[in-house]
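Okay, so here's the structure we're looking at.
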Amino acid sequence: MSVQESGGITALLGDAALDSSEDCLFLNVTTPACDDAARPVMVWIHGGAFVNGSSSTPWYDGTPLATRGDVVVVSLNYRLGALGFLWLGDLDDRYRSSGVNGLLDQVAALAWVRDNISTFGGDPNNVTIFGESAGAMSISTLLALPAAQGLFQKAIAQSGAAHNVFTPAMGAAMTEEFMEKLGVADIDGLLRASAEDIAKAATKVEAKLYDDPSGLGGPTSFALAMAFQPVIDGTYLPQDPLVAVANGDAVDVPFLTGTNLNEWNLFALMSPGGLDDSSLLDRLEGIFGSGHRVRDVYASDRPDVSADELWNAVLTDASFRIPAIRLVEARVAAKSPTWQYLFTWATPAFGGVVKSCHALEIPFVFGALNNQGAELFLGGPVSDDLWELSAAMQEAWLSFARNGDPGWQAWNSESRPTQRFDVVKELLSDPMSAERGVWEGVL
């Protein structure tokens, strides 16, 4: 896997024993047969905040999906952290692509799929890219990346949208901080640094950004703070992907996206709580200018919950649900075929506090409920209801990969149809509309 510091969620998912190396650009292919059947191809792009993760995580085993759907499943690695996304274009024009190196690795893998997947029984003209978190953010950005055009025909973004990009100025602020932490003053010093030292310096920048999201010229304090993200360099990534999509980029690519109901609860495990109502109101006032109004909106569907839980709901919307909705709105305005889902099954794991948290849907999509790492997040024996939920999600993803339709009504701006995935499956109309409304003009 790509160079990264060990620990955190990577260890939870079962990646801790994998070797970390600059020589990381490998992919995995799972196929029912190496024949001329021209099966649909599903290419997985892993998450990890652009700083950790691997295509070899046990959750991402393509065998159940390939077997159930008679498809070819590919998973890929890409450069992470500073090696994949450090903006050096302002320091040396030879490195104009440095802010999207990780995305260009994904493009190279997709080109390999185009040129070679028929050998593995796949159809190079029926490729669906799908990914979660930073993988979904990558996919949402690939929609606007000229080098990626024509390399995939459909796209699925799970818990990630098009908001997570840097301007060159924001990228330069991260680069300045990174080089200070690394102890180098110029490109030559950077080139002499070891991969291990680069990973350590990247971790220090992440820690500082987490403590003060706006202090490095990064996102405002309520947004998902990540030190390394694709940079809008004007060449390889010509413009903000949300703007590009609104202008019709990838207009003919069917797109499925969605989020989990309690995304932020996973991250809250790693953060001290203890907010009281006064502190919550202060935070909401800083974002919306009206703390009581927004608090009351979020509390109306969540009676008797703590200030911490309300804040987690706000951060779930800020970092995941509202960016996904903005991307859906932009695509539909451009008349691009688009579908939306909401995953709501709440796990009893971690004492039940994480509920329907970030990444929880992944083993359901892959049919990997018994794989290493899944048991920690599922919180107990896998019931028949959970296998049925997994089967429903797999069938939707497989249907989309085959024909570009997951099996429910496409999104429109009137009813905003959203497929709910839980033990009971249902099609919702404009779910949590009041919460969505408070973000108008804010995000």
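For segment 330-368, the tally of residues that are under 14 Å from Phe421 (Cβ atoms), of a type in the set (A, V, I, L, M, F, W, C) and assigned to a loop (DSSP other than H, G, I, E, B) stands at 3. Of all residues in segment 118-128, exactly one satisfies the criterion of being out of contact with any strand residue (DSSP E or B) (no Cβ under 8 Å at 6 or more places or on another chain) and in a strand (DSSP E or B), namely Asn125. All of Arg114, Arg68, Arg96 fail the test of being touching a helix residue (DSSP H, G or I) at 6+ places or on another chain (Cβ under 9 Å), on the phi < 0 side of the Ramachandran plot and among the basic types (Lys, Arg), apart from Arg68.
Could you check segment 134-163 and list, in sequence order, the residues that are assigned to a strand (DSSP E or B) and in contact with a Pro (Cβ under 8 Å, 6 or more places away or on another chain)? If the condition is that a residue be assigned to a strand (DSSP E or B) and in contact with a Pro (Cβ under 8 Å, 6 or more places away or on another chain), then Lys154, Ala155 are the ones that fit.
Hey, among Thr338, Thr316, Thr347, which residue is over 16 Å from Glu263 (Cα atoms), hydroxyl-bearing (Ser, Thr, Tyr) and surrounded by 19 or more Cβ atoms within 10 Å (Cβ to Cβ)?
Thr338
In the set (1) of a type in the set (A, V, I, L, M); (2) more than 22 Å from Phe350 (Cα to Cα); (3) without any contact (Cβ under 8 Å) to a residue 40 or more places away in the chain, the condition left unmet by Leu275 is number (2). For segment 371-383, the condition holds for no residue, the condition being that it is more than 23 Å from Ser75 (Cα to Cα) and either part of a strand (DSSP E or B) or aromatic (Phe, Trp, Tyr) (or both). Filter segment 53-70 for residues that are over 15 Å from Met42 (Cα atoms) and either in contact with a strand residue (DSSP E or B) (Cβ under 9 Å, 6 or more places away or on another chain) or buried (at least 20 other Cβ atoms within 10 Å of the Cβ) (or both) and give the result. Gly53, Ser54, Ser56, Thr57, Trp59, listed by residue number. Looking across segment 229-269, the residues that are of a type in the set (Phe, Trp, Tyr) and either at pLDDT below 95 or over 27 Å from Lys208 (Cα atoms) (or both) come down to Tyr236, Phe255, Phe267. Among residues of segment 395-419 that are more than 23 Å from Pro124 (Cα to Cα), those with a Cβ under 6 angstrom from a residue that is among the polar types (S, T, N, Q) and modelled with pLDDT of 95 or more, sequence gap 6+ or separate chain, pair up as Gly407/Ser399; Trp408/Gln419; Trp411/Thr338; Trp411/Gln340; Ser415/Ser429; Pro417/Gln409; Thr418/Gln340. The set of residues in segment 225-250 being within 16 Å of the chain's Cα centre (by Cα) and not aliphatic (A, V, I, L, M) consists of Phe228, Gln229, Pro230, Pro241. State whether the residues of segment 198-209 include one that is small (Gly, Ala, Ser), surrounded by fewer than 14 Cβ atoms within 10 Å (Cβ to Cβ), at pLDDT below 95 and not in a loop (DSSP other than H, G, I, E, B). For segment 198-209, residues small (Gly, Ala, Ser), surrounded by fewer than 14 Cβ atoms within 10 Å (Cβ to Cβ), at pLDDT below 95 and not in a loop (DSSP other than H, G, I, E, B): present. State the number of residues belonging to segment 351-388 that are of a type in the set (A, V, I, L, M, F, W, C), surrounded by fewer than 20 Cβ atoms within 10 Å (Cβ to Cβ) and more than 15 Å from Pro58 (Cα to Cα). Number of matching residues: 4. Here segment 395-443 is the region considered, the condition is being within 20 Å of the chain's Cα centre (by Cα) and aliphatic (A, V, I, L, M), and the residue that is modelled with the lowest pLDDT is Leu443. Of everything listed in (1) in contact with a helix residue (DSSP H, G or I) (Cβ under 6 Å, 6 or more places away or on another chain); (2) at pLDDT 95 or above; (3) farther than 30 Å from Gly404 by Cβ, the single unmet condition for Ser278 is (1). Checking the stated criteria, Gly215 turns out not to satisfy the condition of being out of contact with any strand residue (DSSP E or B) (no Cβ under 9 Å at 6 or more places or on another chain), surrounded by fewer than 16 Cβ atoms within 10 Å (Cβ to Cβ) and at pLDDT 95 or above.
In this structure, Gly131 does not satisfy being within 10 Å of the chain's Cα centre (by Cα), closer than 22 Å to Asp61 by Cβ, at pLDDT 95 or above and not in a strand (DSSP E or B). Against the conditions (1) within 30 Å of Ser194 (Cα to Cα); (2) out of contact with any Lys or Arg (no Cβ under 6 Å at 6 or more places or on another chain); (3) not charged (D, E, K, R), Thr119 satisfies every one except (1).
Taking segment 221-267 as the range and being of a type in the set (Ser, Thr, Tyr) and closer than 15 Å to His163 by Cα as the test, the residues that pass are Ser221, Thr257, Thr259.
Here Ser306 passes the criteria (1) surrounded by fewer than 22 Cβ atoms within 10 Å (Cβ to Cβ); (2) in contact (Cβ under 8 Å) with a residue 40 or more places away in the chain; (3) among the polar types (S, T, N, Q) except the one numbered (2).
The values are calculated or read from the model by the stated rules, or taken from the named source; none is laboratory data. All of these numbers come straight from a predicted model, not from anything done at the bench. Please note: Cβ atoms are built from the backbone with ideal geometry, for glycine as well, and neighbour counts cover all protein chains shown.
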